[in-house]
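Working notes, structure below.
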Amino acid sequence: MQTSPMTLSAALSSNHDDQVVQLKRDRLIGQILAQSKGLEPTSIDRVLRHQRQRGGRFGEIAVAMGLVSEDDVFEALAQQFGYPYLREAPALDSELVCACDPLGDDAQGFRELRTELLTGVLDGKTPRALAVVSPERGDGRSYVAANLAIAFAQLGGRTLLIDADLRAPRQHELFRVHDMVGLSHVLSGRLAPEFAMQPSPVPGLVLLGAGATPPNPAELLHRAAFQALVEESLAKFDHVVIDTSASSQGSEPRIAAAGAGAALVVARPQAARMDALQHLVDSLGKGSTAVAGVVLNEH
């Protein structure tokens, strides 16, 4: 196919513009690294010269030259594009990939899932929280709920993560915070929600842990206090994510999903019993809960 001179000129102009934009972006990363890591202007110019001559990304070139570390580059990118990156990964469990490894494939998968949810059941037309449910223990509900909550927090605004697994809670362990008070204390009327919530190490993300393990988790979630908590939280937070217990352990996940208004089902490939998975999806669909779909978790 022949290319007209006008089309060729436009293409060359477009390529030049793209190169200019990339150089400006890389210069900004260099400036961030200069301010935060003491990268010398001469070193920045070395990287940019290498980039003009041979191509490549600024950060990768700077790392290859031994000028900065990969963590330094991740930190600079986080500042440039405005999302939380926690360099001190030991402060959190390594399962929290959206915070500890935000540029990794797993974190990218959660961002794609976030997009599907925001253009689907959480499109804002009807205020809804999202309950993360699964048929069995070990399916990865807490992993998915925690990383989704972080992904929402990275959009800006405020996100609340509620640990409604009143049988075997994990969120306080993942975020390395205390679990002395939490949801069970709120639902039993012993504590106001604002006194049970605590900030997480992730900017913009607030955690309401499970609290003390009660003998009657289903009855607590059935109380009007849970629905009131969800409604009040939706008025104060941009996003609300609810972790739950396994459906095989009792009716709490279905109760939590009904209160939330939307549910995301998590299952493990090769391990999920199709009859149990189908039963859970069918039971959720009998009420007013909007079912987002099923996520196969291989983590």
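Does the range 219-240 include one or more residues that are of a type in the set (Gly, Ala, Ser) and in contact with a Gly (Cβ under 6 Å, 6 or more places away or on another chain)? No, the range 219-240 contains no residue that is of a type in the set (Gly, Ala, Ser) and in contact with a Gly (Cβ under 6 Å, 6 or more places away or on another chain).
Filter the range 49-68 down to the residues that are in contact (Cβ under 8 Å) with a residue 24 or more places away in the chain and not in a helix (DSSP H, G or I), then identify the one that is most open to solvent (accessible area, probe 1.4 Å). Checking each candidate, the answer is 57.
Within the range 109-153, restricting attention to residues that are without any contact (Cβ under 8 Å) to a residue 60 or more places away in the chain and small (Gly, Ala, Ser), which residue is most open to solvent (accessible area, probe 1.4 Å)? Out of the qualifying residues, it is 124. Of all residues in the range 137-165, those satisfying the criterion of being within 26 Å of residue 225 (Cα to Cα), under 10 Å from the mean Cα position of the chain (by Cα) and of a type in the set (Gly, Ala, Ser) are 145, 146, 149, 153.
When residue 251 is tested against (1) closer than 30 Å to residue 78 by Cα; (2) surrounded by fewer than 16 Cβ atoms within 10 Å (Cβ to Cβ), exactly one condition is not met: (1). Which of the residues that make up the range 273-299 are under 25 Å from residue 97 (Cα atoms) and acidic (Asp, Glu)? Listed by number, the list holds a single entry, 298.
No other residue among 233, 245 is in contact (Cβ under 8 Å) with a residue 40 or more places away in the chain, open to solvent by less than 10 Å² (accessible area, probe 1.4 Å) and part of a loop (DSSP other than H, G, I, E, B) apart from 245. Taking the range 193-204 as the range and being in a loop (DSSP other than H, G, I, E, B) and among the polar types (S, T, N, Q) as the test, only 200 passes.
Open to solvent by less than 50 Å² (accessible area, probe 1.4 Å) and of a type in the set (D, E, K, R): which single residue out of 101, 179, 105 fits that description?
So the residue among 101, 179, 105 that is open to solvent by less than 50 Å² (accessible area, probe 1.4 Å) and of a type in the set (D, E, K, R) is 179.
Residues in the range 185-204 that are open to solvent by less than 10 Å² (accessible area, probe 1.4 Å) and within 13 Å of residue 163 (Cα to Cα): 187, 196.
Condition (residue is touching a Phe, Trp or Tyr at 6+ places or on another chain (Cβ under 9 Å), farther than 28 Å from residue 125 by Cα and open to solvent by 50 Å² or more (accessible area, probe 1.4 Å)) applied to the range 274-285: is it met by at least one residue? Within the range 274-285 (the criterion being touching a Phe, Trp or Tyr at 6+ places or on another chain (Cβ under 9 Å), farther than 28 Å from residue 125 by Cα and open to solvent by 50 Å² or more (accessible area, probe 1.4 Å)), the answer is no, since none of the residues qualifies. Answer yes or no as to whether residue 256 is farther than 15 Å from residue 131 by Cα, at pLDDT 95 or above and either part of a helix (DSSP H, G or I) or open to solvent by 50 Å² or more (accessible area, probe 1.4 Å) (or both). When the stated conditions are applied, residue 256 does not pass them.
For the range 259-270, the tally of residues that are open to solvent by 50 Å² or more (accessible area, probe 1.4 Å) and farther than 12 Å from residue 134 by Cα stands at 1. Applying the criterion of being open to solvent by 60 Å² or more (accessible area, probe 1.4 Å) and assigned to a helix (DSSP H, G or I) to the residues of the range 205-230, the residue that is nearest to residue 149 (Cα to Cα) is 227.
The values are calculated or read from the model by the stated rules, or taken from the named source; none is laboratory data. Quick caveat, the model's predicted, so the values are computed rather than measured. Positions of Cβ are backbone-derived with ideal geometry, glycine not excepted, and every protein chain shown enters the neighbour counts. These accessible areas exclude ligands, DNA and RNA; they are computed on the full protein's heavy atoms, side chains included. Shrake-Rupley method; radii C 1.70, N 1.55, O 1.52, S 1.80 Å.
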